[in-house]
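The values are calculated or read from the model by the stated rules, or taken from the named source; none is laboratory data. The structure displayed is predicted, hence computed values, not measured ones. Because the Cβ atoms are built from the backbone with ideal geometry, glycine has one as well, and the counts that use them run over all protein chains shown. Accessible surface areas use protein heavy atoms only, side chains included; no ligands, DNA or RNA. Shrake-Rupley method; radii C 1.70, N 1.55, O 1.52, S 1.80 Å.
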Amino acid sequence: MPQRSLVILEPRKSPVQARSAASVDAILEATIQVLLQVGKERLTTTRVALRAGVSVGTLYQYFPNKSALLKAALQRHMDEITEAVVRVCREQKGRSLEHMAAALVTAFLEAKLKDAKTSVALYSVSSDVDGSKIVQEMGIKSQKAVAGMLKTTSDHFTADPQLVASMLQSVMAGASRRWLESAASEKQFDMLREELIFLARAYLNACSTRP
């Protein structure tokens, strides 16, 4: 039984041609829109296909059921956040710890909170579609990128890059989730960013002076 549950969460096939990729993108966008409109309990493949402007048959070519749709939407969301972290880490190599902290926090929050309602909605389906595995896999990729960036800093830095990267990730993820679930005003985004940058800078500076 566990093996069967795992299989049906996976897409039937991956898009190869540009037209197929566009159809999948439209389906995943529609999945988010329907999720936000009616919630996960009332979301159906028929509703999603109608919103995406494709036939149910076309949808089933890629996604066998509702769970596979939701898992793919969550995967895409996490991919976007991870790609933003990997990109900024690559761009910040060789910079000071203060520059790294500000750039990392800003890139992460902009990717995570660019659509707050979507992030909150995907939290609600995560446990239904093996979301913890997706988060873990993306976390490993992000941690590797952050640690790699820290190793190149122009500042004195003797702390364990992997451990420091893990701490930074935990703080950013925890603070952003708390902010999202508190239904705080979007106007408070700048405050959250500045506080997280302050925290990250203080931590990294402390790491650089630790014996």
**OP:** Look through region 143-191, keep the residues that are over 19 Å from A121 (Cβ atoms) and charged (D, E, K, R), and return whichever of them is least open to solvent (accessible area, probe 1.4 Å).
**Re:** D155
Original post:
Restricted to region 30-48, and to residues that are touching a residue at least 24 places away in the same chain (Cβ under 8 Å), assigned to a helix (DSSP H, G or I) and among the hydrophobic types (A, V, I, L, M, F, W, C), which residue is most open to solvent (accessible area, probe 1.4 Å)?
Top reply: L36
**OP:** Restricting attention to region 80-126, report how many residues are under 30 Å from V38 (Cα atoms) and part of a loop (DSSP other than H, G, I, E, B).
**Re:** 2
Subject >> Y60 in contact (Cβ under 8 Å) with a residue 12 or more places away in the chain, part of a helix (DSSP H, G or I), aromatic (F, W, Y) and touching a Ser or Thr at 6+ places or on another chain (Cβ under 8 Å) >> reply: yes
**OP:** Kindly indicate whether any position in region 4-12 is at pLDDT 90 or above and surrounded by fewer than 16 Cβ atoms within 10 Å (Cβ to Cβ).
**Re:** no
Original post:
Does region 68-82 contain at least one residue that is touching a Gly at 6+ places or on another chain (Cβ under 9 Å), in contact (Cβ under 8 Å) with a residue 24 or more places away in the chain and within 30 Å of D155 (Cβ to Cβ)?
Top reply: yes
Original post:
Just one of the numbered conditions (1) in contact with a Lys or Arg (Cβ under 8 Å, 6 or more places away or on another chain); (2) surrounded by 15 or more Cβ atoms within 10 Å (Cβ to Cβ) is not true of H99; which one?
Top reply: (1)
Original post:
Restricting the search to region 129-187, which residues are farther than 24 Å from L70 by Cα and acidic (D, E)?
Top reply: D155, D160, E186
Original post:
Which ones in region 127-138 are surrounded by fewer than 18 Cβ atoms within 10 Å (Cβ to Cβ), part of a helix (DSSP H, G or I) and of a type outside the set (A, V, I, L, M)?
Top reply: S132, K133, Q136, E137
**OP:** Would you point out which residue out of S124, S208 is out of contact with any Gly (no Cβ under 6 Å at 6 or more places or on another chain), surrounded by 12 or more Cβ atoms within 10 Å (Cβ to Cβ), closer than 30 Å to A30 by Cβ and in contact (Cβ under 8 Å) with a residue 12 or more places away in the chain?
**Re:** S124
Original post:
Right, F189: in contact (Cβ under 8 Å) with a residue 40 or more places away in the chain and outside any helix (DSSP H, G or I) or not?
Top reply: no
**OP:** Only residues in region 129-152 that are in contact (Cβ under 8 Å) with a residue 24 or more places away in the chain count as the first member; pair them with residues that are open to solvent by less than 80 Å² (accessible area, probe 1.4 Å) and in a loop (DSSP other than H, G, I, E, B), Cβ under 8 angstrom, at least 6 apart or cross-chain, and list the lot.
**Re:** V129/L9; D130/L9; M149/Q92; L150/F157; T152/G94
**OP:** For E83, state whether it is within 30 Å of L204 (Cβ to Cβ), at pLDDT 90 or above and open to solvent by 50 Å² or more (accessible area, probe 1.4 Å).
**Re:** yes
